[in-house]
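The values are calculated or read from the model by the stated rules, or taken from the named source; none is laboratory data. These figures come from a predicted structure and were not determined experimentally. Quick reminder, even Gly has a Cβ in these numbers, built from the backbone with ideal geometry, and neighbours come from all protein chains shown. Note: areas computed on protein heavy atoms with side chains; ligands, DNA, RNA excluded. Shrake-Rupley method; radii C 1.70, N 1.55, O 1.52, S 1.80 Å.
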Amino acid sequence: MDANKRPENMERITTPELAKAFIDEQVAAVRAQVGDKKVLLALSGGVDSSVVAALLVKAIGKQLVCVHVNHGLMRKGESEDVIRIFRDEMDANLVYVDATDRFLNLLEGVSDPEKKRKIIGKEFIEVFADEARKLDGVEFLAQGTIYPDILESVKQAEGKKAVKSHHNVGGLPEDLKFELVEPVKLLFKDEVRVVGEALGLPHAMVYRQPFPGPGLGVRCLGAITRDRLHALREADAILREEFDICGLSEKVWQYFIAVPDIKSVGVKDESRYEGWPAIIRAVNTTDAMSATIEEIPYAVLHKITDRITHEVEGINRVLLDLTPKPIGTIEWE
Ligand code: XMP
């Protein structure tokens, strides 16, 4: 039997009862696989790695070492949430690495999106590898691989070209050889979420919208600067808050702000005020291959515009992106 192929008769996990049965099965399988050895996990705070972390905490407790790398491109409050949920509430063994300066220094002056992705991906592996080398006795690496990732790799092996290079954690350096632990690799995303809720993870984390590995790095368009990145993070937090208030966050698949490297003239306190525009993008899709635009009520758009232009230093306009995919990709870079 191919361990990477979902059996045709495998029941879809749609209820808490089915999730509990799956969890019990995986807890036993992980214990049998790793014995008393340590397992390392890159915990981004995304749905998949968070569910794997919670599952492994249940299976092996402190034998799991989670490493959360903050590349300085996280959304507002995200790293803090990871620390609170996993270290404080679940009592997980969590190493937090603030690598903001390492990433932002390397990205200085780099405007090409694919170069930015490569730098972020490569540095991510290096920071993670540095942490792994500091730990003794780790023989296993846990990953939040899910079934669509396996299907996607099969497609790529068949020679179909990807539009953007999405894979963030490629291979680790030669000196770090681990056996993989991938407890959710045969599950689809909706099943991973049901399992996450059954493990007691917060609803907001389990239903978190997708967030690209390079994070805000591909939304701070062109060469990233700290001031524009800060403005983007603050504007994005306002968008998320307002979507929570009006219920759109439960409905829209992905929504965010992008800030391009252009300035326009505005006026504030009776003086000329040059600032960047914040671009709102809110899309719906089932597979991210094509996407349609969410129709945001004008009252909500007015409130978001008012808040962003008053509360975020450096932003003097708010624009709405109405472009479906295709022709626009979901991200701007
Ligand atoms: P695009 O922009 O290609 O995005 O229409 C489709 C989905 O993929 C996400 N995305 C990424 N995810 N690394 C990731 O992990 C990346 O480099 C990357 N680029 C885009 C995007 O957010 C959307 O959900």
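Points to keep in mind about this one:
- Separation in nanometres of the label points that stand 7 Å from Cα toward Cβ, at Glu126 and Gln156: 2.1
- Among residues other than Gly137 with Cβ under 11 Å from its Cβ, the summed charge is -1 (Lys and Arg +1, Asp and Glu -1).
- Thr285-Asp190 pseudo-label distance in nm [points 7 Å out on the Cα-to-Cβ vector]: 1.9
- Selection from Ala204, Val318, Ser264, by position along the positive dipole direction of the chain (Cβ): Ser264
- Our estimate of slack between Leu301 and Leu320, defined as 0.36 nm per intervening residue step minus the Cα-Cα distance, is 6.0 nm.
- Computed log₁₀ I(q)/I(0) - Debye formula, equal Cα scatterers, no solvent, the range 61-208, q 0.18, 0.20 Å⁻¹: -1.48, -1.65
- With a Förster radius of 25 Å applied to the beta-carbon distance between Asp244 and Thr292, the computed FRET efficiency rounds to 0.70.
- With 0.36 nm allotted per residue and the present C-alpha distance subtracted, the Glu11-Thr329 stretch has 111.1 nm of extension available.
- Over all pairs of different C-alpha atoms in the range 19-77, the reciprocal of the mean inverse distance, the Kirkwood hydrodynamic radius, equals 12.4 Å.
- Rounded, prolate or oblate (a/c below 1.5 giving rounded, otherwise prolate when a/b exceeds b/c) for the range 143-262 by Cα gyration tensor: oblate
- Along principal axes, Cα extents of the chain, largest first, whole Å: 69, 45, 41
- Amide hydrogen neighbours beyond the local backbone of Val181, cut-off 5 Å, H modeled: Leu141, Ala142, Gln143
- The loop-placed trypsin sites (Lys or Arg not before Pro) in the range 162-265, going by DSSP, that have at most 12 neighbouring Cβ atoms within 10 Å of their Cβ come out as Lys177, Lys251.
- In sequence order, the range 255-271 has phi-based couplings of 8, 6, 10, 10, 10, x, 8, 9, 10, 10, 8, x, 9, 9, 6, 6, 10 Hz under the Karplus curve 6.51 cos²θ - 1.76 cosθ + 1.60, θ = phi - 60°, and Gly or Pro positions carry x.
- The alpha carbons of the range 1-130 give a radius of gyration and a Dmax of 17.6, 52 Å, in that order.
- Look at the dipole of the range 278-333 built from charges on Cβ: of Ile308, Thr329, Ala282, the Cα furthest out on the positive end belongs to Ile308.
- From phi via Karplus (6.51, -1.76, 1.60), per-residue ³J(HN,Hα) for the range 94-107 in Hz, x at Gly/Pro: 10, 9, 9, 10, 8, 9, 3, 5, 4, 6, 5, 5, 5, 7
- For GluC sites (Glu not before Pro), the sites in the range 207-270 that DSSP calls loop and that have at most 10 other Cβ atoms within 10 Å are Glu270.
- The range 233-333, accessible area per residue, ligands and nucleic acids excluded (1.4 Å, Å²): 54
- Val65 long-range amide H proximity, modeled H, under 5 Å: Val39, Leu40, Leu41
- Separation in nanometres of the label points that stand 7 Å from Cα toward Cβ, at Lys177 and Val110: 3.0
- Residues Asp2 and Ala29, FRET efficiency given R0 of 22 Å [Cβ-Cβ distance, rounded to 0.05]: 0.85
- The chain: most fluctuating residue of Ala278, Ala99, Ala288 per GNM, C-alpha cutoff 10 Å: Ala288
- Residue of Asp24, Asp88, Asp287 that the Gaussian network model of the chain assigns the largest fluctuation, springs spanning Cα pairs under 10 Å: Asp287
- Between Lys62 and Lys20, the FRET efficiency from the beta-carbon distance, with R0 = 30 Å, is close to 0.80.
- From most to least packed by mean Cβ count within 10 Å, the peptides 32-42, 10-20 give 32-42, 10-20.
- Taking θ as phi - 60° and the Karplus parameters 6.51, -1.76 and 1.60, the scalar couplings of the range 227-234 work out to 5, 6, 5, 5, 4, 4, 4, 5 Hz in sequence order, x denoting glycine and proline.
- For Ala92, the residues whose modelled amide H falls within less than 5 Å of its own, excluding neighbours fewer than 5 places apart on the same chain, are Arg87.
- Listed residues Asp98, Asp244, Asp269, most fluctuating in the chain (Gaussian network, C-alpha, under 10 Å): Asp269
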